[in-house]
Amino acid sequence: MNKIKILHMYADMLDLYGDSGNMEIIGYRCKMRGIECCIDRYSVDSEMPDFSAYDLIYIGGGADLEQQHIAEDLQKCRQGIKSAYDNGSFLFLICGGYQLLGRYYKDADGVEIPGLGIFSYYTVAEPNRKKRCIGNIVVKTNITGRETEIVGFENHGGQTMGVETPFGSVVCGHGNCTGSSHEGYFEKNVIATYMHGPCLAKNPEISDYVISYCLNRKSDAAVVLPELDDALELKCRQVMVERLVGKQEGK
Ligand code: GLN
């Protein structure tokens, strides 16, 4: 089936640093390949959707205040999101969204926002508001089967702990905690990351991992995506990696 159905949650409140761009990128890369892509939106007090009808559920990042605003509504969606995840829908989560699918997020004032507890990690913010993890980040990941250095931008006070299967290892930047060696959370149908950017605009392989997963789960035969011309994206990334970690041999 050559169609992907996406549910973008809380786009009006969780959209730091252009996180919504991630869904534009998925839509664009699908369109270039003739794959139909439909993106529905859900926000506070929308009619409860059938979460399992979606191939991909996406939540972006946000400040503590926005996280508080959506927290109660998100709890109403818990069962639907959990069932969709159990049925193999893909969860793509950025920063504030990443935090809220874990057990809880305790903000800098010590206020605890309950998470959905679908994953066992938890996040506690640095009480000192000046001690945030901010800056460009380079992460090495091999979720596609090929080790790739990806880039993004992080800005979070939250320190995420208890992650057993990270998205990647930190080459430059912080990741899950200050000075951490690991970034994000990964399962075959989950990418949760602190990488804004938007992350998918900067890292085409990750977009294609998500698209391939969504198509493959509905297809008997393995789907091979036609290549796109990513020369510009890859060149931009290379410049960024060189700036942050230095020139690497063979590149
Ligand atoms: N408010 C959270 C924090 O500071 C999440 C921030 C974000 O989504 N960038 O950790």
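The values are calculated or read from the model by the stated rules, or taken from the named source; none is laboratory data. Since the structure is predicted, the reported quantities are computational estimates derived from the model, not experimental observations. Positions of Cβ are backbone-derived with ideal geometry, glycine not excepted, and every protein chain shown enters the neighbour counts. These area figures cover heavy atoms from the full protein model, side chains too; ligands, DNA and RNA do not enter into them. Shrake-Rupley method; radii C 1.70, N 1.55, O 1.52, S 1.80 Å.
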* Residue ID - nearest to the ligand (Cβ to nearest atom), chosen from residues in the stretch 16-26 that are open to solvent by 20 Å² or more (accessible area, probe 1.4 Å) and over 15 Å from F90 (Cβ atoms) -> L16
* To do: Report, by residue number, each residue of the stretch 151-177 that is farther than 26 Å from G110 by Cβ and among the hydroxyl-bearing types (S, T, Y).
  => T165, S169
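Table: residues versus (1) open to solvent by 10 Å² or more (accessible area, probe 1.4 Å); (2) more than 30 Å from L234 (Cβ to Cβ); (3) modelled with pLDDT under 95.
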| residue | (1), (2), (3) |
| --- | --- |
| G117 | yes, yes, no |
| Y121 | no, yes, no |
| V171 | yes, no, no |
| H174 | yes, no, no |
| Y185 | yes, no, no |
| K188 | yes, no, no |
| M195 | no, no, no |
* Structure fact -> Picking from N128, N87, the residue that is farther than 14 Å from T160 by Cα, touching a helix residue (DSSP H, G or I) at 6+ places or on another chain (Cβ under 6 Å) and surrounded by fewer than 16 Cβ atoms within 10 Å (Cβ to Cβ) would be N87
* Test G135 against the stated conditions and say whether it is within 13 Å of the ligand (Cβ to nearest atom) and closer than 17 Å to D12 by Cβ. => no
* Structure fact -> Heads up, the strands (runs of 3 or more DSSP E) in the stretch 135-175 (entirely inside) with at least 3 residues that are under 16 Å from Y17 (Cβ atoms) are 148-156
* **The lone exception for P166 - which of (1) more than 13 Å from the ligand (Cβ to nearest atom); (2) open to solvent by 60 Å² or more (accessible area, probe 1.4 Å) it fails** => (2)
* To do: For P114, work out the one condition from (1) farther than 17 Å from N176 by Cβ; (2) in contact with a Ser or Thr (Cβ under 6 Å, 6 or more places away or on another chain) it doesn't fulfil.
  => (2)
* **Odd one out for Y28, checked against (1) of a type outside the set (K, R); (2) free of Cβ contacts under 8 Å to residues at least 24 places away in the same chain; (3) not in a helix (DSSP H, G or I)** => (3)
* To do: Answer yes if at least one residue in the stretch 24-36 is hydrophobic (A, V, I, L, M, F, W, C) and farther than 28 Å from E154 by Cα, and no otherwise.
  => yes
* To do: Can you tell me which residue among L200, L232 is out of contact with any strand residue (DSSP E or B) (no Cβ under 7 Å at 6 or more places or on another chain), without any contact (Cβ under 8 Å) to a residue 24 or more places away in the chain and assigned to a helix (DSSP H, G or I)?
  => L232
* Structure fact -> Exception for G80 within (1) farther than 21 Å from I206 by Cβ; (2) touching a Gly at 6+ places or on another chain (Cβ under 8 Å) falls at (2)
* Determine which member of the set I118, I81, I39, I57 is β-branched (V, I, T), more than 14 Å from the ligand (Cβ to nearest atom) and assigned to a loop (DSSP other than H, G, I, E, B). => I118
